[in-house]
Amino acid sequence: MTGDYLPCAHVVELLTDYLEGALDPATTARVDAHLFDCEPCTTYLAQLRTTITELGTLPEPTLPADTVIALEAAFRDLHPPHGH
Amino acid sequence: MPGAVLDRTIWAGVVVTERSSRYPGVGMDVQSGPVEAGEQNLVDRLRAGDGAAFTGIVRGWSPAMIKVARQYVASHASAEEAVQETWLAVIKGIDRFQGRSSLRTWVFHILANIARRQGTTESRTLPTSPVDDADSGPTVDPNRFRPVGDRWAGGWRAEAAPQSWGPESATLNAEARVVLTAALAELPQRQRMVVELRDVHGLPADEVCGILALSPANQRVLLHRARAKLREQLETYYTGPNEPAVRP
């Protein structure tokens with residue numbers, strides 16, 4: 001129906017391409033079909049998504065506040081507000 | 001005066017999880033390449049002296065810029081310096097920005113030049129070709145799958161299949177986040193840089209390819225290897241190390 005059997009060991013290697021929309025439509029359909037009735041791979045994908053989501057909430061070290069203030073001042077000096 | 005009122009709670013270091021607040025003015029699905037409408041608007045606002053627009057991109061992009069600069073220079077402080085110098089160059093050069101790449105790609109290009117030059121004066125050895133990456137081979141232990149010859153060859157062995165991380169698995173507890181942070185630090189450099197720019201800082205794929213000079217396919221390989229490794233470390237934390245049936 002959706003081509004030949006795609007083993008779990010193969011599916012787990014395709015999941016980033018799958019999430020990125022980088023697979024061709026036929027392979028996407030095979031992965032979809034696999035995930036539809038493979039609970040462990042569905043769990044694996046959910047955990048990969050959790051990992052990605054959590055990475056997005058990690059603290060991001062940024063510039064010190066006084067540096068940002070100095071940059072804002074430099075910006076105002078060269079680009080005085082106008083037109084708004 | 002636009003931009004004069006600053007929201008101290010955000011830039012004092014509070015974690016902002018909303019992607020759109022991390023990257024104000026530039027939608028996460030914006031592709032680089034020719035400048036799109038939303039970004040042209042951002043460029044116009046900067047040129048018109050919109051301080052809020054400037055503060056927005058400084059806050060939004062600087063964390064990833066520090067990460068990228070850190071590849072070239074010897075210390076975090078030097079990386080911050082390179083980022084500061086980059087923003088000054090952007091302030092001076094925004095009127096000359098041609099829009100042949102996205103604004104962000106242009107900013108990162110300036111950053112790479114500045115950080116590289118700074119790294120050279122610091123006699124910092126630039127990262128050489130990454131031979132340590134282990135960029136091939138399976139990302140999941142082959143022993144967790146049924147062997148060749150089995151009717152379901154390549155399927156998970158029941159006793160080695162991924163287990164749920166529990167009812168709260170949709171978000172990690174504080175301890176698991178420590179595990180994740182530590183695992184991130186241990187990744188091979190290119191994998192770490194890709195997953196940090198993509199998943200921690202939320203940059204789109206094509207911009208990461210541009211910043212790190214990677215092909216789209218290679219970028220995905222590095223990203224997948226990094227994610228798989230991080231997931232595995234979290235799995236070990238939640239469910240204990242997986243014990244393969246037979247080790248050769």
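The values are calculated or read from the model by the stated rules, or taken from the named source; none is laboratory data. Model, not experiment: these values are computed from the prediction. Heads up, the Cβs are rebuilt from the backbone with ideal geometry, glycines too, and the neighbour counts pull from every protein chain shown. Surface areas here come from the heavy atoms of the whole protein model, side chains and all, with no ligands, DNA or RNA. Shrake-Rupley method; radii C 1.70, N 1.55, O 1.52, S 1.80 Å.
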*Of (1) within 14 Å of A:Thr67 (Cβ to Cβ); (2) at pLDDT 95 or above, B:His76 satisfies all except one. Which?*
(2)
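Can you name every one of the helices (runs of 4 or more DSSP H) wholly within region A:1-83 that holds 3 or more residues which are within 10 Å of another protein chain (Cβ to nearest Cβ) and among the aliphatic types (A, V, I, L, M)?
Details: elements: A:8-20, A:25-37, A:39-55, A:65-78.
Qualifying helices (runs of 4 or more DSSP H): A:8-20, A:39-55, A:65-78.
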*Taking B:Phe145 and the conditions (1) more than 8 Å from every other protein chain (Cβ to nearest Cβ); (2) surrounded by 19 or more Cβ atoms within 10 Å (Cβ to Cβ), which numbered condition does it fall short on, given that it satisfies the others?*
(1)
*Is there a residue being open to solvent by 50 Å² or more (accessible area, probe 1.4 Å), over 13 Å from the mean Cα position of the chain (by Cα), at pLDDT 95 or above and within 17 Å of A:Glu20 (Cβ to Cβ) anywhere in region B:219-226?*
yes
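Can you find a residue that is of a type in the set (Lys, Arg), touching a helix residue (DSSP H, G or I) at 6+ places or on another chain (Cβ under 7 Å), surrounded by 14 or more Cβ atoms within 10 Å (Cβ to Cβ) and over 17 Å from B:Trp156 (Cα atoms) anywhere in region A:43-58? Before you say what the answer is, go through the steps one by one.
Let us first name the residues in region A:43-58 that are of a type in the set (Lys, Arg), namely A:49.
Checking the rest, the ones that are also touching a helix residue (DSSP H, G or I) at 6+ places or on another chain (Cβ under 7 Å) come to none.
Among the residues of region A:43-58, not one is of a type in the set (Lys, Arg), touching a helix residue (DSSP H, G or I) at 6+ places or on another chain (Cβ under 7 Å), surrounded by 14 or more Cβ atoms within 10 Å (Cβ to Cβ) and over 17 Å from B:Trp156 (Cα atoms), which makes the answer no.
Restricting to region B:159-217, name every residue that is assigned to a loop (DSSP other than H, G, I, E, B), at the interface with chain A (Cβ under 9 Å from one of its Cβ atoms) and open to solvent by 60 Å² or more (accessible area, probe 1.4 Å).
Filtering region B:159-217 down to residues assigned to a loop (DSSP other than H, G, I, E, B) leaves B:161-173, B:186-188, B:201-204, B:213-215.
Right, trim to at the interface with chain A (Cβ under 9 Å from one of its Cβ atoms) and you get B:161-165, B:169-172, B:201-202.
Once the filter is applied, which keeps residues that are assigned to a loop (DSSP other than H, G, I, E, B), at the interface with chain A (Cβ under 9 Å from one of its Cβ atoms) and open to solvent by 60 Å² or more (accessible area, probe 1.4 Å), region B:159-217 yields B:Gln163, B:Ser164, B:Ala170, B:Thr171.
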*If only one of B:Arg198, B:Arg190, B:Arg151 is farther than 23 Å from A:Val11 by Cα and basic (Lys, Arg), which one is it?*
B:Arg190
*Might you let me know whether region A:1-19 holds any residue that is open to solvent by less than 60 Å² (accessible area, probe 1.4 Å), closer than 30 Å to B:Ala77 by Cα, at pLDDT 95 or above and of a type in the set (Ser, Thr, Tyr)?*
no
